[in-house]
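The values are calculated or read from the model by the stated rules, or taken from the named source; none is laboratory data. What you see is a predicted model, and the numbers here were worked out from it, not measured in a lab. With ideal geometry, Cβ positions are generated from the backbone for all residues, glycine too; neighbour counts draw on all protein chains shown.
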Amino acid sequence: MNVLGLDTATTGCSVAVWSAGGIVAHRFEEMERGQAERLNPMIGEVMAESGLAFGDLETIAVTVGPGAFTGLRIGLAAARAIGLAAPAAVVGISTFAALARAVPEGEAAGRTLLVAVNGKRRDVFSQIFDAQRRPVGAPGTLDPGMVPGALPAGPLLIAGDGGPALRVALADCAEAGDGAGARIRFSSAMGPPDAAQVAASGAESLTGRPLSADLPPRPLYIRPPDALLPAAGARP
């Protein structure tokens, strides 16, 4: 199976090709902005490196959120265009699922996994996963000012680029004598999503044994976006 994975959802830009059971070409760059300029060149680079033609692709997998309004649309537009031209199926992968896949199995063993995505405000987006990195419950928001009381009970591992905000909040609790940080660990996977995990999730969807369900290729918002598209007929 041949899968192209794309991610521009948060503070990264990455592209990966999955073929013959693994990642055969990959590019990743961290960036706050500029994904629109880098994504297409990256796609060309990984496709050339993989030795595949676009017509060889079976699936285009792309992160659908939560994430930045503009970033999500950059990745989705590219995925839809390639899907039409190839032609290939286009599947959405949540930012949470991509980040959960990046957590090493040894870190998650015996612990509930909380994946936190930087919401660019006071709160973070979050979703709970089990030790096998399968989602448990719906995503939502988490106010760092409410930890540790808002966190799940028992051994907990926190991953994702929203983790640093929770680390600071827990450090403040420990300094105040709360002691809740003793049961909580932080994953080594604390950066933005990576298209390598997105492509792997897309490959799993073809086997019928995905870690998490595919989503439609449209933005997934946990709260209304700060930016809005202009109404039909309105001047930009």
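Of all residues in segment 49-81, how many are of a type in the set (S, T, N, Q) and either part of a helix (DSSP H, G or I) or modelled with pLDDT under 95 (or both)?
2
Given the residues P104, P66, which is the only one that is in contact (Cβ under 8 Å) with a residue 40 or more places away in the chain, loosely packed, with under 14 Cβ neighbours inside 10 Å and not β-branched (V, I, T)?
Residue meeting the stated conditions: P104.
Determine if segment 6-14 includes at least one residue that is modelled with pLDDT of 95 or more, in a helix (DSSP H, G or I) and within 25 Å of N118 (Cα to Cα).
No.
For G233, only one of the following conditions fails: (1) surrounded by fewer than 21 Cβ atoms within 10 Å (Cβ to Cβ); (2) modelled with pLDDT of 85 or more; (3) assigned to a loop (DSSP other than H, G, I, E, B). What is its number?
Result: G233 passes all but (2).
Of the conditions (1) closer than 25 Å to G140 by Cα; (2) modelled with pLDDT under 95, A20 satisfies every one except a single condition; which number is it?
(1)
Take segment 20-40 and flag every residue that is exposed (fewer than 12 other Cβ atoms within 10 Å of the Cβ) and more than 19 Å from A68 (Cα to Cα).
A20, G21, G22
From the list L99, L114, which residue is assigned to a helix (DSSP H, G or I), farther than 13 Å from I222 by Cα and not charged (D, E, K, R)?
Sole residue among the options that is assigned to a helix (DSSP H, G or I), farther than 13 Å from I222 by Cα and not charged (D, E, K, R): L99.
Keeping to segment 107-125, report how many residues are without any contact (Cβ under 8 Å) to a residue 24 or more places away in the chain and either touching a helix residue (DSSP H, G or I) at 6+ places or on another chain (Cβ under 9 Å) or crowded, with 19+ Cβ neighbours inside 10 Å (or both).
2
Out of everything in segment 126-155 that is of a type outside the set (G, A, S) and farther than 26 Å from L215 by Cβ, what residue ends up being surrounded by the most Cβ atoms within 10 Å (Cβ to Cβ)?
Per the criteria, the residue is V147.
Output the residues belonging to segment 49-80 that are over 18 Å from the mean Cα position of the chain (by Cα) and not charged (D, E, K, R).
S50, G51, L52, A53, F54, G55, L57
Return yes or no: is L84 surrounded by fewer than 19 Cβ atoms within 10 Å (Cβ to Cβ) and assigned to a helix (DSSP H, G or I)?
So L84 fits the description; yes.
Look through segment 156-209, keep the residues that are at pLDDT below 90 and polar (S, T, N, Q), and return whichever of them is surrounded by the fewest Cβ atoms within 10 Å (Cβ to Cβ).
If we take residues in segment 156-209 being at pLDDT below 90 and polar (S, T, N, Q), then T207 is surrounded by the fewest Cβ atoms within 10 Å (Cβ to Cβ).
Looking at segment 25-48, which of its residues are within 20 Å of the chain's Cα centre (by Cα) and either among the aliphatic types (A, V, I, L, M) or part of a helix (DSSP H, G or I) (or both)?
A25, M31, Q35, A36, R38, L39, N40, M42, I43, V46
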